[in-house]
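As structure tokens, the structure follows; a few thoughts come after it.
The values are calculated or read from the model by the stated rules, or taken from the named source; none is laboratory data. The structure displayed is predicted, hence computed values, not measured ones. FYI the Cβ positions are ideal-geometry reconstructions off the backbone, even for glycines, and counts take in every protein chain you see. Heavy atoms of the whole protein, side chains included, go into the accessibility calculation; ligands, DNA and RNA do not. Shrake-Rupley method; radii C 1.70, N 1.55, O 1.52, S 1.80 Å.
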Amino acid sequence: QVQLVESGGGLVQAGDSLRLSCVASGRTFSSYTMGWFRQAPGKERESVALISWTRGNTYYADSVKGRFAISRDNAKTTVYLQMNSLTPRDTAVYYCAAAESGFATDPIRYTYWGQGTQVTVSS
């Protein structure tokens with residue numbers, strides 16, 4: 001079993017930055033892919049950024065490229081999402097997720113999910 005706990009969300013103004021954290025526990029993660037997803041009201045959950053735990057390969061959605069950065073701290077079993085130049089379109093609940101294999105953007109491929117953290121960006 002894997003437990004994921006997110007933190008770092010909040011209310012910010014357009015142009016501000018936030019850093020989300022996701023602490024993982026319960027199992028070893030050497031082959032896992034970790035992902036940040038988001039879901040805005042009335043919209044489907046979408047992938048934002050992915051990182052492979054071992055190699056550190058990354059993926060970013062086009063909407064966040066150049067503004068967001070995903071990273072991991074193996075010793076702390078923590079994944080981060082640094083979000084810069086936030087806009088109101090980034091407003092959503094952000095979720096951390098873990099997949100035991102693969103490197104997929106489809107949320108259905110992820111087995112473990114955190115509870116989510118709200119990010120609200122005002123104009």
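Of V79, W113, Y94, which is farthest towards the positive pole of the chain's charge dipole, taken about the Cα centre with +1 and -1 on the beta-carbons of Lys, Arg and Asp, Glu respectively?
My answer, from the dipole projection, is V79.
Given the options C22, F37, V64, identify the residue whose Cα lies farthest towards the positive end of the charge dipole of region 3-66 (+1 on Cβ of Lys, Arg; -1 on Cβ of Asp, Glu).
C22
Taking the Cα atoms of the chain, report the difference between the largest and smallest coordinate on each principal axis, in whole Å and largest first.
41, 28, 24
Sum up the charges of everything whose Cβ sits under 14 Å from the Cβ of G9, counting Lys and Arg as +1 and Asp and Glu as -1, but leave G9 out.
-1
Using Cα centres only, tell me the gap between region 80-123 and region 4-55 in whole Å.
Taking the Cα centre of region 4-55 as reference, the centre of region 80-123 is 4 Å away.
Find the accessible area per residue for the chain; the probe is 1.4 Å, ligands and nucleic acids are left out, and the unit is Å².
51
Out of the total accessible area of region 26-109 (probe 1.4 Å, heavy atoms of protein only), what percent is carbon and sulfur?
Working: 1950 of 4320 Å².
Carbon-and-sulfur percentage of accessible area, whole number: 45.
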